[in-house]
Ligand code: HEC
C-alpha cells in the first residue's frame, strides 16, 4: 500500500514535469529569444507586412480615417505611403520624422527589418 502510493506520486510528478517542459515548445522563438536570429527571407505583403501594420497602425491610418492623410490598410495605400518618403523614417524613429506608432512602443527590430526587406525587394504584392 505504502509503496503503491509513493510510486503513484512519483509517476504523477513525472507527468507534471514532462507537461511543464513540453509546454515550452509552444512558445514563439522570437518571444523567447528577442535578440535571436530574425528571419527576413521570404517576407510577403500578406503574411508579413499587412499583419504588422494591422496590429500597430491601421487603427489610426485607414481609408476612412487616414491620420496625417496616410492610410495603411490596403496594398496600394501602403505603397503610396512608402513612396511618399515618410514611412520608413517614422517606424525607424529617425531624426526629422514623427515617431510611429504614435503613443505606443517602437516596433521590434525584427519587424522593422522585415518591412525593410519587403521594401528592398520592390514591394511585391504577394
Ligand atoms: C494612435 C494613432 C496612430 C498610430 C497607432 C499610428 N499613427 Fe502614424 N500618425 C498618426 C497621426 C495623428 C499622424 C499625423 C501626425 C502629425 O502630422 O503631427 C501620423 C503620421 C504618420 C506618418 C507621417 C510621419 C512624418 O514624419 O511625416 C507616417 C509615415 C505614419 N504615421 C505611419 C505610421 C505607421 C507605419 C504606424 C504603425 C507602425 C503608425 N503610423 C501608427 C497617428 C497614428
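The residue that is farthest from the ligand (Cβ to nearest atom), among those in segment 62-78 that are under 22 Å from residue 120 (Cβ atoms) and either in contact with a strand residue (DSSP E or B) (Cβ under 6 Å, 6 or more places away or on another chain) or without any contact (Cβ under 8 Å) to a residue 24 or more places away in the chain (or both), is 76.
Any residue at all in segment 46-54 that is in contact (Cβ under 8 Å) with a residue 24 or more places away in the chain and not in a helix (DSSP H, G or I)? No, segment 46-54 contains no residue that is in contact (Cβ under 8 Å) with a residue 24 or more places away in the chain and not in a helix (DSSP H, G or I).
Against the conditions (1) at pLDDT below 95; (2) at positive phi, residue 29 satisfies every one except (2). Might you let me know whether segment 79-95 holds any residue that is in a helix (DSSP H, G or I), surrounded by 13 or more Cβ atoms within 10 Å (Cβ to Cβ) and touching a residue at least 40 places away in the same chain (Cβ under 8 Å)? Looking for residues that are in a helix (DSSP H, G or I), surrounded by 13 or more Cβ atoms within 10 Å (Cβ to Cβ) and touching a residue at least 40 places away in the same chain (Cβ under 8 Å), one finds at least one in segment 79-95, hence yes. Just to be sure I understand, how many residues within segment 96-112 are buried (at least 17 other Cβ atoms within 10 Å of the Cβ) and either near the ligand (Cβ under 8 Å from one of its atoms) or modelled with pLDDT under 95 (or both)? Here the count works out to 3.
The values are calculated or read from the model by the stated rules, or taken from the named source; none is laboratory data. All values derive from a computational prediction rather than experimental measurement. Glycine also receives a Cβ, built like all others from the backbone with ideal geometry; neighbour counts cover every protein chain displayed.
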